[in-house]
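The values are calculated or read from the model by the stated rules, or taken from the named source; none is laboratory data. Worth saying up front: this structure is predicted, and the values here are computed from it rather than measured. Here the Cβ is made from the backbone with ideal geometry for all residues, glycine too, and neighbour counts use every protein chain on show.
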Amino acid sequence: MPVFGENAIHKFAGSMKTGRDIYFGLYQNLGAGQENWYREYPADYFDAIVVDECHRGTLTNDSTWRQLLEYFEPAAQIGLTATPVVHEGADTYRHFGDPIFEYSLAQGIDDGFLAPYAVRRVVPSADAFGYSPGEGELDLFGNEVPREARPAD
């Protein structure tokens, strides 16, 4: 028997069911935007909504995610993100408020959950100096690679 009991969990996939304890879904599965399937639920139907990667579609004023969250405004809305965004037209904090918990990259490395890293800047020679195929050079399919006109040296 599942932890939450029989039929306690519903994954949004084409049908809108009621009487469940937990619902999982992508906003596309809820019909946000054109179809508005989510409106089959009363605006106060959910107690809490958790949005993973909330820095993405929820931020902009005209997003379909925003439309859905505004409809379910009575629910407590919790946004999860590793990369909050603040710029013109998008602001993670405006909708979700100040963070109630922060876990830094440095702390994750110190705690052993994340691997330390080093950044190396590498510029491939083709990007730095350009590329021109040799005479008769073939691609993976055996076709001759056309030589582009090159400026005179």
I'd like to verify a number: residues in segment 100-142 that are aromatic (Phe, Trp, Tyr) and either outside any loop (DSSP other than H, G, I, E, B) or within 23 Å of residue 79 (Cβ to Cβ) (or both), how many?
4
Apart from one, (1) loosely packed, with under 10 Cβ neighbours inside 10 Å; (2) hydrophobic (A, V, I, L, M, F, W, C); (3) touching a helix residue (DSSP H, G or I) at 6+ places or on another chain (Cβ under 8 Å) all hold for residue 114; the odd one out is (1)
Of the candidates 101, 129, the one satisfying the condition of being within 26 Å of residue 24 (Cβ to Cβ), among the aromatic types (Phe, Trp, Tyr) and either out of contact with any Lys or Arg (no Cβ under 9 Å at 6 or more places or on another chain) or surrounded by 10 or more Cβ atoms within 10 Å (Cβ to Cβ) (or both) is 101
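Does any residue of segment 146-153 turn out to be surrounded by 10 or more Cβ atoms within 10 Å (Cβ to Cβ) and at pLDDT below 85? Steps first, please.
Within segment 146-153, the first condition is being surrounded by 10 or more Cβ atoms within 10 Å (Cβ to Cβ), and the residues that meet it are 147.
Now narrow it down to the ones that are at pLDDT below 85: 147.
Checked against the condition, which is being surrounded by 10 or more Cβ atoms within 10 Å (Cβ to Cβ) and at pLDDT below 85, segment 146-153 yields at least one hit.
Would you check if residue 107 is farther than 30 Å from residue 46 by Cα and surrounded by 10 or more Cβ atoms within 10 Å (Cβ to Cβ)? I'd like the intermediate steps shown before the answer.
Details: farther than 30 Å from residue 46 by Cα: yes; surrounded by 10 or more Cβ atoms within 10 Å (Cβ to Cβ): yes.
Yes.
Look at segment 36-66 and say how many of its residues are within 21 Å of residue 17 (Cα to Cα), over 13 Å from the mean Cα position of the chain (by Cα) and of a type outside the set (A, V, I, L, M).
Filtering segment 36-66 for residues within 21 Å of residue 17 (Cα to Cα) gives 36-51, 65.
When the remaining residues are screened for being over 13 Å from the mean Cα position of the chain (by Cα), the result is 36-50.
Among the residues that remain, those that are also of a type outside the set (A, V, I, L, M) are: 36-42, 44-47.
Adding up the residues that qualify gives 11.
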